[in-house]
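K.L.:
Below: one structure in structure tokens.
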Amino acid sequence: MRKSLGGIAGRGRDFVLSLRTSCLNSAISNAIQQWVKPVIFDNLILDMEVGQLFVGEMGENLDLEKDQDPLLEFWSWFEKARASGEALPEAMALATVSPAGAPSVRMVLFKGINKGGFEFFTNFDSRKGRELEINPLASIVFWWERLRRQVRVEGRVQKVEEEQADQYFRTRPRGSQIGAWASRQSQAIPNRADLEARVRALEMEYQGREVPRPPFWGGFRLIPDSMEFWQERADRLHDRLRYRRSTNDHWILERLDP
């Protein structure tokens, strides 16, 4: 009798396990069916299948009849990205290199084009700040998902003038101004409470008066030597147009294979 009951219990466990597995498989199947449905964006259709991505018509074809100034061409693309409803069109990936040759990359915010270069602001004592001080060569990438476009920029970096850095710092929210003083960017800290204590102390220190720009905080300007404009196309035959600065400081425009 005991053995018989054990058999029944075992069959019961098998049934429950089978039912759970069946429900799980059904859930996965439903999720996959939802996934393979075409996702429609403004001017393109992405037919999604598990592990594959087939891209239809991507819109305008890039040609070599573009503006001979890549910064003007970039601004045209940037304005289209802003108009498309892109969540954060000014977000860009910034890559730098350590003295040992180790690369590092992070997202920063593009703050405008001035004196022929792309500007961003940071703590000079951060990892990127220290690496740019030693090796003033960098690369940035913009990716705009709604337009299926990216822009790659490579070039030399210089510091933004202090007067301009002061002017920009005054436009930042007060909390961000306090944060610039409080954060020992890229340094290890014992816990979050340590950072928050520094913020509270600084809020009391500057209560009722203007927060000045920290001397260790400012801007960088990347002067491009190369700019590539990339447009996603069908069958991974993407359009790639590159502006390359020549030795006489003129731009050479060329098409690259995808």
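The values are calculated or read from the model by the stated rules, or taken from the named source; none is laboratory data. This structure is a prediction, so every number in the text was calculated from the model and none was measured. Cβ: placed from backbone, ideal geometry, glycine included. Neighbour counts: every protein chain shown.
K.L.:
Sort through Gly112, Gly117 and tell me the only one that's in the same structural domain as Gln158 (by TED's automatic domain parsing), closer than 24 Å to Ile252 by Cα and in contact with a Leu (Cβ under 7 Å, 6 or more places away or on another chain).
P.N.:
Gly117
K.L.:
Only one of these is at pLDDT 95 or above and out of contact with any strand residue (DSSP E or B) (no Cβ under 9 Å at 6 or more places or on another chain): Glu163, Glu86. Name it.
P.N.:
So the residue among Glu163, Glu86 that is at pLDDT 95 or above and out of contact with any strand residue (DSSP E or B) (no Cβ under 9 Å at 6 or more places or on another chain) is Glu163.
K.L.:
Where residues in segment 100-138 are in a strand (DSSP E or B) and free of Cβ contacts under 8 Å to residues at least 40 places away in the same chain, which of them is surrounded by the most Cβ atoms within 10 Å (Cβ to Cβ)?
P.N.:
Filtering segment 100-138 for residues that are in a strand (DSSP E or B) and free of Cβ contacts under 8 Å to residues at least 40 places away in the same chain, the one surrounded by the most Cβ atoms within 10 Å (Cβ to Cβ) comes out as Val108.
K.L.:
Among (1) surrounded by 14 or more Cβ atoms within 10 Å (Cβ to Cβ); (2) of a type outside the set (Ser, Thr, Tyr); (3) in contact with a helix residue (DSSP H, G or I) (Cβ under 9 Å, 6 or more places away or on another chain), there is one condition Ile189 misses while meeting the rest; what is its number?
P.N.:
(1)
For every residue, the table says whether it meets (1) modelled with pLDDT under 95; (2) assigned to a loop (DSSP other than H, G, I, E, B).
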position	(1), (2)
Gln177	no, no
Ala180	no, no
Gln185	yes, yes
Glu203	no, no
Gln207	no, yes
Leu222	no, no
Trp230	no, no
Leu253	yes, no
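K.L.:
Say whether the condition of being free of Cβ contacts under 8 Å to residues at least 24 places away in the same chain and either farther than 18 Å from Phe124 by Cα or in a helix (DSSP H, G or I) (or both) is met by at least one residue in segment 152-160.
P.N.:
no
K.L.:
On the given criteria, is Asp235 of a type in the set (Asp, Glu), in contact with an Asp or Glu (Cβ under 8 Å, 6 or more places away or on another chain) and in the same structural domain as Arg149 (by TED's automatic domain parsing)?
P.N.:
no
K.L.:
Hey, any hits in segment 208-226 for a residue that's among the polar types (S, T, N, Q), buried (at least 17 other Cβ atoms within 10 Å of the Cβ) and touching a strand residue (DSSP E or B) at 6+ places or on another chain (Cβ under 7 Å)?
P.N.:
no
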